[in-house]
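Heads up: the structure comes next, in structure tokens.
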Amino acid sequence: MFIFFDYLYISIYKIFDRIYGKEPQFQAACFLSFLQTLNFLSLVFLYGVFVDKIEEVNISKLFVFIVIMSFIVFNYVRYILLENNNHKNIAIRFNSKNVSERKRWSNFQLVYCIVTCIVFMIFFVYFIQAR
């Protein structure tokens, strides 16, 4: 599971590096945390739908803040503080894959990002309408 997020982190890092032109380790970790938070909140919404008590699902700003900060701290420690998971080591592991495997990982990452945003928006709209 972490391999996927490692490769997603390095892909986000490369995109931010092209945009900003400096080493955006923290920005990449924050964006990855944002995507993980959307996944977590989608699971909370999904729980409310399956339990059929969507009205009782109470997601406050404080809850969202705590969740995203938890992911930011986790990803900061994992990708910036720990030497074996820094962007250079992950890039070496990713680049050691053959071209077709890297393309498959990149396509999967793109689908993941799109599906994560779409599913979250669907649940968010459903959640707002249910209230």
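Only the coordinates and a few stated rules stand behind these numbers; no lab work does. Just so it is clear, the structure is predicted and the values come from calculations on it, not from any experiment. Don't worry about glycine lacking a Cβ; one is built from the backbone with ideal geometry, like all the others, and counts go over all protein chains shown.
Compared with the direct C-alpha span, the chain from TYR20 to SER96 gains 24.8 nm at full extension, assuming 0.36 nm per residue. Here's the list of lysines a cross-link from LYS61 could span, going by alpha-carbon distance under 23 Å and ignoring same-chain residues fewer than 8 apart: LYS53. Which listed residue (PHE127, ASN85, LEU43) has the Cα farthest towards the positive end of the charge dipole for region 24-130, taking +1 on Lys and Arg C-beta and -1 on Asp and Glu C-beta about the Cα centre? Of the candidates, ASN85 comes out farthest on the positive side. Computed from point charges on the beta carbon alone (+1 for Lys and Arg, -1 for Asp and Glu), the dipole magnitude for region 24-130 about its Cα centre is near 580 Debye. For the pairs LYS22/LYS97; LYS22/LYS103; LYS14/LYS103, note any where the Cα-Cα span goes beyond 21 Å. Going by Cα-Cα distance, LYS22/LYS97; LYS22/LYS103 fall outside the 21 Å limit. Each peptide in 3-9, 88-94 was scored by the mean count of other Cβ atoms within 10 Å over its residues; highest first, the order is 3-9, 88-94. Taking a ≥ b ≥ c as the square roots of the Cα gyration tensor eigenvalues, with a/c under 1.5 meaning rounded and otherwise prolate when a/b beats b/c, else oblate, which class fits region 24-130? Taking the square roots of the gyration eigenvalues as a ≥ b ≥ c, region 24-130 is oblate.
Per-residue Karplus couplings for region 35-44, computed as 6.51 cos²θ - 1.76 cosθ + 1.60 with θ equal to phi - 60°, are listed in order as 5, 5, 5, 4, 5, 4, 5, 5, 5, 5 Hz, Gly and Pro entered as x.
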